[in-house]
Amino acid sequence: MKLPLLRSAAMAALVATGTVFGAGIVLADNPTVGGAPMYANRNIIENAVNSKDHTTLVAAVQAAGLVETLQGEGPFTVFAPTNGAFAELPAGTVEALLRPENRDTLVTILTCHVVGAKAMASAVQQMIADDAGSHVIQTLGGCALTATMQNGNLLIEDENGNVATVTIADVVQSNGVIHVVDKVLLPKS
């Protein structure tokens, strides 16, 4: 199928709206993550498996049995730690969490990165402003994360005082949104 040539203003309008052309091709300004394009018409798992920066997260989601959940309808907001974030955990932690006997702990940690709503960065920033500088976010894992802004960066603090910076925001998915973070957020210890 040959698409007609469009004037640049018309093309810009289509890109801005994320217009879908046949065969599932989406023209949108979704960021790449881990060197892979992220497609707004694919779900969280379908996109995450392509990111070379999220292989540890994908392995953890598989070990925890959460693949089907994160392929579900949602909407979800996922604060997605990079491989580097997992590497900052004490030596042996990731390997221990991936063992079957630690599945419940792994599920709790992973679901502390998931919110049962689609929260774009601008909405989180507005909630922070409305709440006088910080906003508490309840996760599906029962964690209370605190969102703040500092020097133009969106920060997410877990219940232990660990602070993650959102390094890539608003990666739109068919069932929600991903915000890439540079730390693993942990439940209260």
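Test of understanding: extend the Cα→C-beta vector of residue 73 to 7 Å, then name every residue of the stretch 174-189 with backbone N under 18 Å from that spot.
174-177
Among 183, 52, 118, which comes first, second and so on when ranked by fewest other beta-carbon atoms within 10 Å? Present the calculation step by step, with values, prior to reporting the outcome.
On the way: 183 21, 52 11, 118 15.
So the residues, fewest neighbours to most, are 52, 118, 183.
Give me, ordered by chain and number, the residues 5 or more places off residue 36 or on other chains with an amide H under 5 Å from its own placed amide H.
Distant-sequence amide H within range of residue 36: 52.
Relative to the compact-globule scaling 2.2 N^0.38 Å, provide the ratio for the alpha-carbon radius of gyration of the stretch 32-80. Could the numbers behind the result be given before it?
Details: Rg = 10.2 Å, N = 49, 2.2 N^0.38 = 9.7 Å.
The value comes to 1.06.
Rule-based calculations on the coordinates, nothing more; no lab input. Not measured: the values here are computed from a predicted model. As a convention, Cβ positions derive from the backbone with ideal geometry for all residues, glycine included, and neighbour counts pool all protein chains shown.
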